[in-house]
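Heads up, the thing below is written out as structure tokens.
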Amino acid sequence: MSASTAPTPMAAAPLAELRRLFDSRQLTLDPVEMITYEVDAGYDRGRPDGVFFPDSREDVQRLVQWASRAHVPLVARGAGTGLSGGAVAEQGGIVISFARMGRVVELDPHGRRARVEVGVVNLALDALVKEVGLYYPPDPSSGRSSLIGGNLGENAGGPHCFKYGVTTNYITGLDVVLADGRAVRLGGPALDYPELDFCGLLVGSEGTLGLITHADLRLTRNPPGVKTLMVAFNSEEEAGHAVSTIIAAGLVPATLEMMDQRGMRIVEAYAPVGLPVHAGAVLIVEVDGYPQSLDAQMEEIADILTEHRGFDLRLAQSEDERQQIWYGRKSFAGALARLAPNFYLVDITVPRSRLADTLAAVNQIGDRYGLTLGHVFHAGDGNLHPAIAFNGRNEEEKARVLQACEEIVRVCVARDGSITGEHGVGIEKRAYMPMMYSGAELAALAEIKTLFDPKTLLNPGKIFPDTLPAVERAAPLPPAGGNFMPSTPDEAAAGLAALSAAGKTVRIGGAAHGDPRGADLWLSSAGFNGIRAFAPDDLYITVGAGTPLADLHTFLDDQPLHAPLLSPWPAATVGGLVAANVNAPLRLRAGALRDLLLAATVALADGRVIRAGRPVVKNVAGYDLPKLLVGSQGTLGLMTDITLKLLPRARARRTLALPIDDPQQGLAWAAATAPVWLATSAVTLGPHAGGYALRWTVEGPSKDVAAEVEALQAALTAAGAPTARDSDSPATDLWLGLFAAHPDALIVRIGLPPGRMPDYWAQLSAGVHGQAAWCWDAAHHLAYAACTAQTAEAAAAWLDAVRRPARAMDGYAAAMQMPPAWRTALDPWGYAPSAGDLMAGLQARWDPARILNPGDLPFAAPR
């Protein structure tokens, strides 16, 4: 909370120019009309000099260009529902309200994607896509009014994120206006562009790096059935153990929401809905899927709940009953308002296993400060929301609230959590950032801010504390010998600092010895090997970055959890897969590497060691540094350990297969089944038995699997396809088989927007078809081609023929592997990122001497 600020008013000349540039209907300069824009839904205030309402990206560009000339701050704003002061013009300037940019530019039901302007209302978008059988899962409590742009700025979550993830998991591309007025495209409609994941970086950046105008969203199938259960427990600890057991059993509820006794009593006094106020805690469990599977899922969950001393189980028998249960959960804020003029909603995240002791510690803090406090929280992902009722006009009471909040945040950080899971840092928590991050880590975040916004015009004053802690760097220590194989992050940082000072370049790899390919020496990650932490209750594992993926799978073989990663190369390490962004055709249900990477420790070439992320699913404290590591090709730093999200193993699995003569026919039949995909985990088309095979792997609860197989067969029949047969070989085997059959070939990944693969295939000549073996990840619009050319010259001509139509369709064709002798003759990327200069700039800040994997990305900064 901060007092209302009165920054120096803007000079008359810039305001006069602003009036000349824009229609009067797009500007609000009246002090009375601007009162609404002094606040968001929190307590921080700031008086803007004006409010601007753009109608288009071009409007935003013109405003930013004006602001850059006039040195005027700009603050992006959605619906003003944020709680951390992120949309407050603390330093004056212009608030940009995106409410008029509310168009759904494109909705592609077959490709399961949408392109929207950022002024679209969250709930309106979800309602629109549900009309065509789809679902946009991020569902913050403010969804009825919050805009997609605000959701992007805060990386919004909601009750369903335990199963479905948060906003960043559904964004494939962003249109962004940078601080100099330039418009860039980050990512796009295709997947896995060969560039740094600046798209992931911008999501959750609170408008401090750029102004997002459009977003490319991926959608999922809307589950056809849902059931909701409420159950009471004597304590939060008992409820927490029940949650862990549900997950360990391989069940994945759509929501796991909890309310403590204090919270229930507050709500019941306000809106009597039958909450079990005599209990210590109540848990709301919701499952979704095919209707025929819901009873079995809920019965098994109910058995687990009762085994863990759950009682008063209340299963909603109708939609009205279901809504009544949720009404109680969603009435908490209104109930608090009845108790006091104000309430302060704290937002923290801890590993799930620490929920009970965190709640106890928070309650002790509240009692010690004499505060009225209650809890509602997302038990599935460890995101707590202690809510404190108080009188904002009582300065002494407000001071106690702020002191309690600081202690609550310290409790969270001590448990390796995040100071904010979904509300953002903004003004509210910027002073707490040094609790969570070291000086080196905050400096890394600040370097990103300076790179994107050198004049500090975009939402100034947010996220960062007034003073950054000192930065610690390892003293340079030259590695001994021709290769460098450190075993600790500090050793790696010291060696890299010495190599940077000497101007010696390194090639990073997982083997103990390797070919530095033009670099001065080989840097092996083999010293970072083994399991560092395994937390099954919290669904994560931390491994050394040099750990072979095969070793990780072996460790998890007898566990009910798995890491949904596959590699086409038997010796691949976990760090190598992250650096190369290698995604098997598994992400329909499991997500991509960018969704699974929670945290990593990284040694930078300038001697710093930073920890990116935390072992929690919801963390919006600062910028999403783990996203930058995925696909970075080792050009930003040396990963020393990696924390991955684990998933429960599927209860049942079946694979259907069809023999295919013509790939076009196979792609068409795969697309015909797309509306069905709910439990489908992979759809591939690839070489088999002298022709092609089309396969679908379906995973999940047994009745969901059976229902989906039946639905797939019906869709194939409707498309004129023969009946698919069961196969013992999963769909991913076709993808793995392509690499196994061509271990030394040039293999290219072609990524295209949804729906474009048949046109792309038709544009390629028969000669281009025949000069490669092909496999398709049909669900994700990716093709893999193993070129059979015998010379680099022939391969270059083939590669050019493959790339030209891909680029014309807003896609790409990038090499995943190639013969070593061809590396100087072939461009592995054939792609120029829209923000390539910024990507090179980040590399230059974290690796000033450009020693790491020289030339391994298309934007690589020159030495």
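The values are calculated or read from the model by the stated rules, or taken from the named source; none is laboratory data. From a predicted model like this one, the values you see are computed outputs, not experimental measurements. Cβ: placed from backbone, ideal geometry, glycine included. Neighbour counts: every protein chain shown. The accessibility values were calculated without ligands, DNA or RNA, using every heavy atom of the protein model including side chains. Shrake-Rupley method; radii C 1.70, N 1.55, O 1.52, S 1.80 Å.
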The range 779-794, residues that are under 18 Å from residue 757 (Cα atoms), part of a loop (DSSP other than H, G, I, E, B) and either free of Cβ contacts under 8 Å to residues at least 60 places away in the same chain or over 39 Å from the mean Cα position of the chain (by Cα) (or both): none
Criterion violated by residue 130 - all others in (1) touching a Leu at 6+ places or on another chain (Cβ under 8 Å); (2) over 24 Å from residue 421 (Cα atoms) satisfied: (1)
Take the residues in the range 445-464 that are assigned to a loop (DSSP other than H, G, I, E, B) and aliphatic (A, V, I, L, M), then tell me which one is surrounded by the fewest Cβ atoms within 10 Å (Cβ to Cβ). 457
Might you let me know whether the range 6-13 holds any residue that is over 25 Å from residue 158 (Cβ atoms), modelled with pLDDT of 95 or more and either among the β-branched types (Val, Ile, Thr) or in contact with a helix residue (DSSP H, G or I) (Cβ under 8 Å, 6 or more places away or on another chain) (or both)? no
Note on residue 141: of the conditions (1) surrounded by fewer than 22 Cβ atoms within 10 Å (Cβ to Cβ); (2) of a type outside the set (A, V, I, L, M, F, W, C); (3) under 17 Å from residue 383 (Cα atoms); (4) free of Cβ contacts under 8 Å to residues at least 60 places away in the same chain, unmet is (4)
Among the residues of the range 546-569, write down those that are farther than 25 Å from residue 740 by Cβ and either surrounded by 16 or more Cβ atoms within 10 Å (Cβ to Cβ) or among the hydroxyl-bearing types (Ser, Thr, Tyr) (or both). 561
Here's a check for you: in the range 704-743, which residue that is charged (D, E, K, R) and within 30 Å of the chain's Cα centre (by Cα) is farthest from residue 653 (Cα to Cα)? 733
Might you let me know whether the range 527-537 holds any residue that is buried (at least 16 other Cβ atoms within 10 Å of the Cβ), farther than 28 Å from residue 856 by Cα and touching a Phe, Trp or Tyr at 6+ places or on another chain (Cβ under 7 Å)? no
When residue 335 is run through (1) open to solvent by less than 50 Å² (accessible area, probe 1.4 Å); (2) more than 30 Å from the chain's Cα centre (by Cα); (3) farther than 26 Å from residue 138 by Cα; (4) among the hydrophobic types (A, V, I, L, M, F, W, C), the failure sits at (3)
Residue 685: passes all of (1) part of a strand (DSSP E or B); (2) out of contact with any helix residue (DSSP H, G or I) (no Cβ under 8 Å at 6 or more places or on another chain); (3) open to solvent by less than 10 Å² (accessible area, probe 1.4 Å) but (2)
Residues that are within 24 Å of residue 349 (Cβ to Cβ) and among the aliphatic types (A, V, I, L, M): which helices (runs of 4 or more DSSP H) entirely in the range 123-219 hold 2 or more of them? 148-154, 198-202
Here are the criteria: (1) farther than 12 Å from residue 211 by Cα; (2) of a type outside the set (Phe, Trp, Tyr); (3) open to solvent by less than 10 Å² (accessible area, probe 1.4 Å); (4) assigned to a helix (DSSP H, G or I). Tell me which single one residue 60 does not satisfy. (1)
Got at least one residue in the range 285-297 being open to solvent by 50 Å² or more (accessible area, probe 1.4 Å), at pLDDT below 95, touching a Leu at 6+ places or on another chain (Cβ under 9 Å) and not in a loop (DSSP other than H, G, I, E, B)? no
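Let's see how each residue does on (1) touching a residue at least 24 places away in the same chain (Cβ under 8 Å); (2) of a type outside the set (Val, Ile, Thr):
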| position | (1), (2) |
| --- | --- |
| 233 | yes, yes |
| 238 | yes, yes |
| 248 | yes, yes |
| 251 | yes, yes |
| 266 | yes, no |
| 270 | yes, yes |
| 273 | yes, no |
| 277 | no, no |
Restricting the search to the range 829-862, which residues are buried (at least 22 other Cβ atoms within 10 Å of the Cβ) and farther than 19 Å from residue 627 by Cβ? 851
Output for Cβ contacts, cut-off 7 Å, separation at least six or different chains, first residue within 23 Å of residue 603 (Cα to Cα) in the range 541-560, second surrounded by fewer than 24 Cβ atoms within 10 Å (Cβ to Cβ) and of a type in the set (Asp, Glu), reads 542/641; 543/641; 544/641; 545/641
Report yes if residue 744 is of a type in the set (D, E, K, R), surrounded by fewer than 22 Cβ atoms within 10 Å (Cβ to Cβ) and assigned to a helix (DSSP H, G or I), otherwise no. no
How do the strands (runs of 3 or more DSSP E) wholly within the range 517-570 filter down when requiring 3 or more residues that are of a type outside the set (Val, Ile, Thr): which remain? 521-524, 531-535
Can you tell me which residues in the range 651-666 are touching a strand residue (DSSP E or B) at 6+ places or on another chain (Cβ under 6 Å), open to solvent by less than 40 Å² (accessible area, probe 1.4 Å) and not in a helix (DSSP H, G or I)? 655, 656, 657, 658, 660
Yes or no: residue 383 open to solvent by less than 60 Å² (accessible area, probe 1.4 Å), polar (S, T, N, Q) and farther than 27 Å from residue 256 by Cβ? no
Checked 411, 376 against criteria (surrounded by 24 or more Cβ atoms within 10 Å (Cβ to Cβ) and over 23 Å from residue 45 (Cβ atoms)); the one match is 376
